[in-house]
Amino acid sequence: MSKTIKTYQNFEWIDVEKPDHEELKTLTLPFNIDYNLLEDILEHGHLPKLEKVNEYTFIILRAYSALSNDNVTTVGELSNKIAFFINNDRLITIHRAEFGFLKNRPDDCRDSETLMLNIINEMLLTFKEPLQVQSEKMDEFEKEIFLKNSNTFSIESVYYQKSKARISKKVLQLTQNVLNQIIVKPESNSDLQDLKETCLNYLLNYDEVLEDANTILNTYLSVTAKKSNDVMKLLTIFSAFFLPLTFVVGIYGMNFDNMPELRWEYGYFFTVGILLLISITIYIWFKRKRIM
């Protein structure tokens, strides 16, 4: 466990990293923190929430922590949480993952609310770069589908990008719900409103990514179906030409004695002429029907 205590003019900030159950219990015991909240802190993949217990407001929020090449399908794989215990005199942050932005907090925070809102802002900003990467990925997928002779498109990659966007949107929706429940002093209302607008902006952008992903999947399926239809069309055309020709050839391939054309001087040329006539007729019919 790593523990950092920083004293400001009006409050104290205690940051705890990677505590186990016993260390966490010992740490929070002097502050009269509800034992049940410790289980929420240690639970893997716990979603954002807000509770008011005793003298503290308890908040869990999640920051984006997955790498751009990670294939993730769960909240725990995509993000890591920070738990906040806050009152007028103290801010306690508890987390398992290491967050660089926690080490560079300003020294002139006027109260615990200001520091907490500052940290929440940094947590929201962790979604910014992944969102840009996913938007660019959607553009790349679109190019791969529509550019000719492109065999690099991967439907599996689209699935994982869609999964990331869906989970991120879910986390941000719950974060938005928490932000709407936070009550701050009048002088911090502007900062809180900025956080709400940032969260809403990211939600709208993730909606676009999800919509693009669904459109790309549907387009890919349509293009694939069109290619299959083109193959079937080609096979049908070949069949339409060769089936009647095969029928005629099959008739004259029968070994009956009484077949006058077999002994006729011009029988071969007559049969070839019939085959050519049938082929030309089929070709003209296809052209008129715009099948070819």
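The requirement of being among the aromatic types (F, W, Y) and in contact (Cβ under 8 Å) with a residue 24 or more places away in the chain is fulfilled somewhere in the stretch 43-56, by at least one residue. Residue check: Q161 meets all listed conditions (1) farther than 23 Å from N80 by Cβ; (2) in contact with a helix residue (DSSP H, G or I) (Cβ under 8 Å, 6 or more places away or on another chain) but one, namely (1). Can you name the residue in the stretch 134-164 that is surrounded by fewer than 14 Cβ atoms within 10 Å (Cβ to Cβ) and of a type in the set (A, V, I, L, M) and, of all such residues, is farthest from the chain's Cα centre (by Cα)? So, considering only residues that are surrounded by fewer than 14 Cβ atoms within 10 Å (Cβ to Cβ) and of a type in the set (A, V, I, L, M), the one farthest from the chain's Cα centre (by Cα) is L147. Of all the residues in the stretch 188-215, those that are in contact with a Lys or Arg (Cβ under 9 Å, 6 or more places away or on another chain) and either of a type in the set (A, V, I, L, M, F, W, C) or without any contact (Cβ under 8 Å) to a residue 24 or more places away in the chain (or both) number 4.
Does the stretch 217-224 include one or more residues that are crowded, with 19+ Cβ neighbours inside 10 Å and in the same structural domain as Y64 (by TED's automatic domain parsing)? Break it down stepwise before answering.
Applying the first criterion (crowded, with 19+ Cβ neighbours inside 10 Å) to the stretch 217-224 yields none.
No.
The single condition among (1) surrounded by 12 or more Cβ atoms within 10 Å (Cβ to Cβ); (2) more than 30 Å from V158 (Cα to Cα); (3) charged (D, E, K, R) that D212 does not meet is (2).
G76 meets the conditions (1) assigned to a strand (DSSP E or B); (2) at pLDDT 85 or above; (3) of a type outside the set (V, I, T) in every case but one. The failed one is (1). Exactly one condition in (1) in contact with a Lys or Arg (Cβ under 8 Å, 6 or more places away or on another chain); (2) without any contact (Cβ under 8 Å) to a residue 12 or more places away in the chain is not met by L29; state its number. Condition (1) is where L29 drops out.
No other residue among I14, I5 is without any contact (Cβ under 8 Å) to a residue 12 or more places away in the chain and in contact with a strand residue (DSSP E or B) (Cβ under 8 Å, 6 or more places away or on another chain) apart from I5. Considering only residues of the stretch 172-205 that are over 27 Å from D111 (Cβ atoms) and in contact with a helix residue (DSSP H, G or I) (Cβ under 9 Å, 6 or more places away or on another chain), which is surrounded by the fewest Cβ atoms within 10 Å (Cβ to Cβ)? Looking at the filtered set, the residue picked out is Q173.
Can you confirm whether F85 is modelled with pLDDT of 90 or more and crowded, with 21+ Cβ neighbours inside 10 Å?
Values: modelled with pLDDT of 90 or more: yes; crowded, with 21+ Cβ neighbours inside 10 Å: yes.
So F85 passes the test.
What do you reckon, is I167 touching a residue at least 24 places away in the same chain (Cβ under 8 Å), surrounded by 14 or more Cβ atoms within 10 Å (Cβ to Cβ), in the same structural domain as I86 (by TED's automatic domain parsing) and not hydroxyl-bearing (S, T, Y)? Yes, satisfied.
The values are calculated or read from the model by the stated rules, or taken from the named source; none is laboratory data. Because the structure is a prediction, the values reported are computed rather than measured. Ideal geometry is used to build each Cβ from the backbone, glycine not excepted, and the neighbour counts take in all protein chains shown.
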